[in-house]
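Worksheet for the structure shown next.
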Amino acid sequence: KATLPSKPEAIRLYTEGLAKLRVFDALTARDLLEKTVAADPEYPLAHSALAVAWTNLGYDEKAKEEAKRAFDLSMKLSHENRLAVEGRYLETINERDKAIEIYRTLWNFFPDNLDYGLQLASAQTAAGHGRDAQNTLEALRKLPRPL
């Protein structure tokens, strides 16, 4: 299953873009991820990450377009990555309760994955489920510290 872009340059751009998203540099992440999808337009995870960058920059329509493209291309991904892409897509089209269920499923299968827990808490917050988000964050605090 395709977990990385098919071209070495796209791999570099994608990993750098993800690193920028992690430090909340959405502008630089967007630029890197746009170059990634130009280098490998069929790679769904780059489109999904670009949707995150667009969301963080406040461009909801562009985020929807990229999330939809990622979803359309996601059949070649592992089940885990396909669910993550679907969750992102559902968030961008305001299907928050469905996104919550997907993120909850991912987190239940991978309870030590901080990202899935944070995505779940974020979706719960956006859907107005503050108490659930608080409970999710409490559970995340109990995870071992990353190395």
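Computed values, structure above
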| item | result |
| --- | --- |
| J(HN,Hα) series, segment 21-28, from Karplus relation 6.51 cos²θ - 1.76 cosθ + 1.60, nearest Hz, glycine and proline x | 4, 5, 9, 6, 9, 5, 5, 5 |
| For segment 97-147, alpha-carbon Rg over 2.2 N^0.38 Å | 1.05 |
| Helix-derived mean residue ellipticity, 222 nm - over the chain, DSSP H n ≥ 4, -39500 (n - 2.57), to 500 | -24000 deg cm²/dmol |
| Spacing of the two label points (7 Å from each Cα toward its C-beta) at Thr28 and Glu9, in nm | 2.1 |
| Dipole magnitude (debye, nearest 20) for segment 86-147, charges at Cβ of Lys, Arg, Asp, Glu | 220 |
| Formal net charge of residues neighbouring Arg22 (Cβ-Cβ distance under 13 Å; K, R +1; D, E -1) | -2 |
| Karplus 3J(HN,Hα) series, Hz, for segment 89-98 with 6.51 cos²θ - 1.76 cosθ + 1.60 (x for Gly, Pro) | 4, 4, 4, 5, 9, 6, 9, 5, 5, 5 |
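Taken together, the values in this text are just the output of simple stated rules run on the coordinates, not laboratory data. What you are looking at is a predicted structure, and each value in this text was computed from that prediction instead of being measured. Using ideal geometry, Cβ is built from the backbone for each residue, glycine included, and neighbour counts are taken over all protein chains shown.
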